[in-house]
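Participant: Below are the C-alpha cells for one structure; questions will follow.
The values are calculated or read from the model by the stated rules, or taken from the named source; none is laboratory data. Please read all numbers here as calculations on a predicted model, not as lab measurements. Methodologically, a virtual Cβ is constructed for each residue, glycine included, from the backbone with ideal geometry; neighbour enumeration extends over all protein chains shown.
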Amino acid sequence: MPGLYVTAGETYLLVVDNWTSDATGFTITFTGTAQIFDNIPPGIVSVQQSCTNPNQLIVTFNEPVKCSSLHPTDFNLGPGITVTSVSGIGCGTFTTQVVLTFTGTLTSWVKTLTIQTGTDGNTIQNKCNNAIPPGTSMSFQYLAPVSISGISPICAGSSTTLTANTAGGIPAGATISWNTGDNTPSITVSPSSTSTYTVHITYGGCTRSATYTVTVNPNPTISVSPNPAILCSGTALVTGSTEVPGGQWQYNDGSGWTNTPNPMNLPPGTYHRYVTNLPLGVLAISLTSKLLRLHRPVPIPVM
C-alpha cells in the first residue's frame, strides 16, 4: 500500500480485513520515520464472583496484560480481606483474565475491588509497560455462603422456624427459593417425621445453597411413682420420671402450679405433676400431667 503521511499527536487506526479467514494472523512491518507506540494504560472490564468457590473472583481486563506484572498485593478488597493469590487464565506471557483467591469474610452486597501499587513496585502492566493507575476500582455484586438457622430436634406435633441468611444479610434484589415452594427468608415447618429443607439464593449471577435437617422425636411421657401412695402419717416421697432428662418439675394441688424438686415429699391429697423446659435443643416442651393420689388408710374399729 502507498505510504501514509501522519501528524504527530494524532491517533490512527489500522483495520485489517481478514477476508481469507487465515487462522495464523498477519505480520505487519512498518517503515518510515514515524514512531508507533501505546501510552494508554489497561483497565478493568468486569469483576465477577466465582459461582463454584465463594473465596474467588474473576477479573477481566480490556487488553492483554503481562503475567509477570501480576501480584496479589496489586488488589485491594477492603479491611479484613487479603488476596492470597492471583492466577492468570491461560497465562503464558499475557492474559486478559485473572482469578483472585482471598481470605477473610467478604459480606454479601455490592463490593469494590481497587487496584493499588503492590509489593512488587507496580500495578498491572500491558505489553508496552503501561500500568493501571493506582486507585482504579470496579464494583461488583457478591453473595457470601448461605446458612440456615433453626431448632432441631423438635417433638412430634411441634413446629420450628427456619431462617436463611448470609454474612452481611440477604442483599436487595436477591431471589430466594425453598424446596417447600416458599420464597421468603424465613419459613415455619411442622414435619411429621425427620425432614431436610433446602434453600437456594441467587444474586450477582450466582446461586448458593444450604440444607437443614429437622429431627422429629416422639413425644416423651411422664410418670410418677408410687401412684397411688398410701401412708399412715406424714408425707410420701414421690418421684417423677420421663425419657428426657432435665427440665423443671411442678405440681398442682388445685391452688395453682408450684415449682418443685424431684423427687418431692407430699402430704395426703390429689395432685397433678408437670415438667417443662426440657433441653431439646432450646425448645421448651410441656409434658402431659399425671394424677397422683395420696391418702391415709381409713381406721377400722375393733369390737
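Participant: Scan the range 131-151 for residues that are buried (at least 18 other Cβ atoms within 10 Å of the Cβ) and either modelled with pLDDT under 95 or part of a loop (DSSP other than H, G, I, E, B) (or both) and report the count.
Facilitator: So the count comes out to 4.
Participant: Follow-up. I need a count of the residues in the range 229-258 that are exposed (fewer than 10 other Cβ atoms within 10 Å of the Cβ), under 49 Å from the mean Cα position of the chain (by Cα) and farther than 25 Å from N217 by Cβ.
Facilitator: 1
Participant: Given the conditions (1) of a type in the set (V, I, T); (2) surrounded by fewer than 19 Cβ atoms within 10 Å (Cβ to Cβ); (3) assigned to a loop (DSSP other than H, G, I, E, B), report the number of the one that I170 does not fulfil.
Facilitator: (2)
Participant: Kindly state which strands (runs of 3 or more DSSP E) lie completely within the range 61-117 and contain at least 1 residues that are within 17 Å of G135 (Cβ to Cβ).
Facilitator: Those strands (runs of 3 or more DSSP E) span 82-88, 109-115.
Participant: Being within 25 Å of T207 (Cβ to Cβ) and either modelled with pLDDT under 95 or of a type in the set (A, V, I, L, M, F, W, C) (or both) is the filter here; which residues of the range 45-73 pass it?
Facilitator: Listed by number, the residues that qualify are V45, V47, C51, L57, I58, V59.
Participant: Continuing with the same structure: Please determine whether any residue of the range 133-146 is free of Cβ contacts under 8 Å to residues at least 60 places away in the same chain, aliphatic (A, V, I, L, M) and either closer than 30 Å to P42 by Cα or outside the structural domain of G118 (by TED's automatic domain parsing) (or both).
Facilitator: Among the residues of the range 133-146, not one is free of Cβ contacts under 8 Å to residues at least 60 places away in the same chain, aliphatic (A, V, I, L, M) and either closer than 30 Å to P42 by Cα or outside the structural domain of G118 (by TED's automatic domain parsing) (or both), which makes the answer no.
Participant: Taking I201 as the residue in question, decide whether it is touching a residue at least 40 places away in the same chain (Cβ under 8 Å) and either over 39 Å from the mean Cα position of the chain (by Cα) or not in a strand (DSSP E or B) (or both).
Facilitator: No: the conditions fail for I201.
Participant: How many of the residues in the range 216-246 are touching a Cys at 6+ places or on another chain (Cβ under 8 Å) and either assigned to a strand (DSSP E or B) or of a type in the set (A, V, I, L, M) (or both)?
Facilitator: 2
Participant: Among residues belonging to the range 152-167 that are within 13 Å of the chain's Cα centre (by Cα) and buried (at least 18 other Cβ atoms within 10 Å of the Cβ), point out the one that is nearest to G204 (Cα to Cα).
Facilitator: The selected residue is T166.
Participant: Do we have any residue at all in the range 28-37 that's within 35 Å of the chain's Cα centre (by Cα) and in contact (Cβ under 8 Å) with a residue 24 or more places away in the chain?
Facilitator: No, because not a single residue in the range 28-37 is within 35 Å of the chain's Cα centre (by Cα) and in contact (Cβ under 8 Å) with a residue 24 or more places away in the chain.
Participant: If you don't mind, there's one more thing I want to ask. Could you tell me whether the range 146-160 includes any residue that is polar (S, T, N, Q) and under 19 Å from P54 (Cβ atoms)?
Facilitator: Looking through the range 146-160, at least one residue is polar (S, T, N, Q) and under 19 Å from P54 (Cβ atoms).
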